[in-house]
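The values are calculated or read from the model by the stated rules, or taken from the named source; none is laboratory data. All values reported here derive from a predicted model rather than from experimental measurement. Glycine gets a Cβ as well: all are built from the backbone with ideal geometry, and neighbour counts include every protein chain shown. Remember, those area values only see protein heavy atoms, side chains included, never the ligands or the DNA or RNA. Shrake-Rupley method; radii C 1.70, N 1.55, O 1.52, S 1.80 Å.
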Amino acid sequence: MLSKKYLLFKNNSLNPKRIILVVLLLFNSFNLNADSFKFNNYNNHGLVGLVNMPTARHFDESIFGATLYGGSPDTRLTFTSSPFEWLEASLYYTRIKDRPYCEREFDDACRQSYKDKGFNFKVRLRKEDKFPAVSLGINDLGGTGLYSSEYIVASYGINNLDLHFGLGWGALNGSKYSFENPLIKLSNKFASRSILQPGDTGKFDAESFFSGKKVSPFFGFSYLINEKTLLKFEHDSTRASGSELNYYGSTEIGYERSKYDFSFGIDYHLNKNFSIGLFHERGNTTSIKFVYKQDAISSNKYATYRSANTKVDEDKYSRLRKNLRNNGIGVNKIVEGSSAIGLELTQFVHPNIQVIEEIIKSATIDSGINKEVKTNIKIADLQAYEDYDLDFEKQSQTIFLRKKVRSYNSNTGLSFRPFLASREEFFKGAILIENNFEYILADNLFFSSNLKYSLADNFDDLRFPPEDTFPAQVRSDVKDYLRNFDNGILIGRAQLDGYKSLSKNDHFMFSVGIFEEMFTGYGFEYLHSKNDSSHAYGVEIFEVHKRDYDLRFDLLDYNQTTAHFNYYFRNYGSIPFDLKASFGKYLAGDFGSTIEISRSYRNGVKFGVFVTLTDVSSEEFGEGSFDKGIFFNIPIFSNLVSYSWRPLTKDPGQKLIRKNTLHDLLIKFKPIN
């Protein structure tokens with residue numbers, strides 16, 4: 001029989017003095033890359049980690065994923081992204097079984113399971129070298145505070161073994177080995193931790209960060225059994241005080257009281273993107289987890305050049321046009337000078353200038369052209385990028401000039417429309433057939449439309465109205481629109497757009513028609529933007545009318561003039577980012593400003609955050625205090641999908657949703673760091 005001094009567990013608890021001896025016996029020849037995309041995975045909360053505990057591991061920038069967790073009493077859906085290699089951000093939606101939604105027993109809305117959503121982030125403080133990697137994180141920003149927690153964690157890898165140790169505050173402060181918060185020695189402010197009350201959803205309680213009389217250690221390891229199977233084991237410091245505390249107003253989630261203080265299980269990788277996890281948590285809960293993760297940069301569908309089918313006797317310029325067209329770039333004009341040729345191109349497809357330049361280089365070589373190639377690029381007849389001027393063109397011979405003809409393109413396919421964490425139910429959605437149509441009336445004049453038909457949806461029982469609609473209901477009535485999705489063919493958009501470059505750096509567009517599901521109208525935008533500058537600015541003014549809930553041509557009795565001054569900045573420093581600052585009048589008639597900070601990648605993937613403050617006070621705004629959220633564009637089945645998340649859908653700070661803006665079109669032709 002094994003001597004007691006070698007036992008890993010003692011009295012249903014981890015024996016921390018002997019865990020190192022056991023894990024050392026697990027070493028073998030596998031080489032585990034510390035921050036490996038392949039051999040790390042999201043934990044049950046959508047953070048790169050173990051079972052419930054986080055680790056100091058991070059994925060490379062641009063990686064994103066989704067985690068679906070089924071446990072007791074909560075079910076969670078988490079979306080996670082890595083805008084930088086040192087930053088991880090995630091948003092979650094959760095449903096907590098047997099916990100009432102609100103305390104008004106007579107209210108039908110309260111007779112349902114509790115719904116919550118929030119935002120998490122983790123920042124790397126140092127990379128692993130001879131010493132461990134260290135990261136710091138905060139969970140449940142902008143939520144109700146049920147999952148509110150902070151942590152600092154260190155990770156160190158040895159061959160196929162990854163070791164982790166950290167300290168947890170808040171919801172991670174449930175270990176029997178807790179001790180006095182060391183930060184109290186710095187300030188007594190860290191001794192008390194405030195509790196968010198019902199109705200405080202969306203508030204940032206920074207004074208409570210890393211606070212509380214006690215702090216709990218957590219630790220564990222992951223072990224690579226083979227290239228598909230990852231074993232995880234942890235001392236789980238999740239606060240689990242008993243299911244009897246699962247009631248509205250309680251600060252506890254209602255996890256069953258821990259039988260053991262450890263959790264363990266395996267992640268099994270079905271392929272490089274999908275995995276399934278099975279875990280036993282704290283001795284009393286068995287849970288399952290499904291993970292999808294994607295490396296957006298390596299999945300760039302635009303990166304591969306495709307040679308066109310050309311005839312042997314075709315001239316080199318004809319082959320060049322076909323090669324470019326086969327890669328999504330149209331040629332308006334080709335001129336040839338003594339030492340270079342000039343191409344005037346037009347395109348909507350590719351997300352940035354680097355990809356376009358790579359395609360042009362490959363197409364030129366493939367076509368047998370040896371001269372230097374200069375390019376001018378137009379998008380919707382806007383002068384987006386200029387490499388040669390009118391003098392060069394006058395001194396050159398015109399080889400090709402495209403005939404101006406009207407044309408159209410139409411695309412019909414299946415799409416999915418989610419509506420998450422409503423008061424009625426955790427998950428709502430619709431499977432749609434959508435048609436996107438565009439008719440090119442002239443080089444600078446376009447008609448576009450979006451028609452949709454619901455094959456199946458569960459929006460019919462979206463019945464609970466919003467509680468706050470001040471100063472005007474412009475977005476909070478979204479359920480009234482969704483309930484009509486089963487009423488035949490719906491018009492998502494039907495608009496006419498015109499574009500004009502007033503000069504090399506000054507651009508103008510006008511739009512009229514149905515802009516989006518909720519608003520129709522007319523207006524214009526002006527933008528001043530230099531190709532060689534990181535700065536741009538402009539204005540937009542639109543007169544809009546609220547659409548009827550049937551999503552056809554009828555209108556409701558609401559209209560508004562919305563106007564904004566916009567400033568843009570692209571930073572090319574060691575921390576690349578895009579900034580957009582707007583000031584003006586919003587759809588509900590409130591005045592204020594919005595700050596957006598985002599990160600873009602070569603393939604069009606984008607992650608960002610925004611904050612809006614207007615003249616609507618926090619009391620008038622209601623739950624959440626002010627508008628904020630995150631947004632992203634990510635590739636799903638080879639198409640870029642846009643999604644925005646807010647803790648709550650409120651009316652202040654809301655802007656018109658537009659198909660295109662001048663800056664979005666022209667920023668494609670600025671380099672990405």
ask   = Going by the structure shown, is LYS122 of a type in the set (Lys, Arg), open to solvent by less than 30 Å² (accessible area, probe 1.4 Å), part of a strand (DSSP E or B) and at pLDDT 90 or above?
value = yes
task = For residues that are among the charged types (D, E, K, R) and closer than 19 Å to SER222 by Cβ, scanning just segment 234-277, find the one that is modelled with the lowest pLDDT.
result = LYS272
ask   = Name the residues in segment 141-163 that are assigned to a strand (DSSP E or B) and open to solvent by less than 10 Å² (accessible area, probe 1.4 Å), would you?
value = SER149, GLU150, TYR151, VAL153, SER155, LEU161, ASP162
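Could you look through segment 59-82, keep only residues that are aromatic (Phe, Trp, Tyr) and open to solvent by less than 20 Å² (accessible area, probe 1.4 Å), and pick out the one that is farthest from the chain's Cα centre (by Cα)?
TYR69
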inquiry  = Looking only at segment 306-330, filter to residues that are in a loop (DSSP other than H, G, I, E, B) and among the hydroxyl-bearing types (Ser, Thr, Tyr); which one of those is nearest to VAL349 (Cα to Cα)?
reply    = SER307
Complete set of residues in segment 493-516 that are under 29 Å from the mean Cα position of the chain (by Cα) and surrounded by 19 or more Cβ atoms within 10 Å (Cβ to Cβ) = ARG493, GLN495, ASP497, MET509, SER511, ILE514, PHE515
request  = Looking only at segment 390-410, count how many residues are of a type in the set (Ser, Thr, Tyr), open to solvent by less than 60 Å² (accessible area, probe 1.4 Å), touching a residue at least 60 places away in the same chain (Cβ under 8 Å) and not in a loop (DSSP other than H, G, I, E, B).
outcome  = 0
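Have a look at LEU613, LEU579 and point out the one that is touching a residue at least 40 places away in the same chain (Cβ under 8 Å), open to solvent by 30 Å² or more (accessible area, probe 1.4 Å), touching a Phe, Trp or Tyr at 6+ places or on another chain (Cβ under 6 Å) and hydrophobic (A, V, I, L, M, F, W, C). Give the steps one after another, and end with the answer.
On the way: LEU579 fails: touching a residue at least 40 places away in the same chain (Cβ under 8 Å).
Answer to the check: LEU613.
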message = Given the options LYS130, LYS117, name the one that is out of contact with any Asp or Glu (no Cβ under 6 Å at 6 or more places or on another chain), assigned to a loop (DSSP other than H, G, I, E, B), open to solvent by 30 Å² or more (accessible area, probe 1.4 Å) and not acidic (Asp, Glu).
response = LYS130
query = Could you say whether any residue in segment 455-476 is over 30 Å from TYR114 (Cα atoms) and in a strand (DSSP E or B)?
reply = no
request  = State the number of residues belonging to segment 331-354 that are buried (at least 22 other Cβ atoms within 10 Å of the Cβ) and assigned to a helix (DSSP H, G or I).
outcome  = 0
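Yes or no: GLY283 modelled with pLDDT under 95, open to solvent by less than 10 Å² (accessible area, probe 1.4 Å) and outside any strand (DSSP E or B)?
no
Please specify each residue of segment 355-389 satisfying the condition of being open to solvent by 30 Å² or more (accessible area, probe 1.4 Å), in a helix (DSSP H, G or I) and of a type in the set (A, V, I, L, M, F, W, C).
ILE365
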task = Determine which single condition TYR572 fails, assuming it passes every other condition in (1) open to solvent by less than 60 Å² (accessible area, probe 1.4 Å); (2) touching a residue at least 40 places away in the same chain (Cβ under 8 Å); (3) hydroxyl-bearing (Ser, Thr, Tyr).
result = (1)
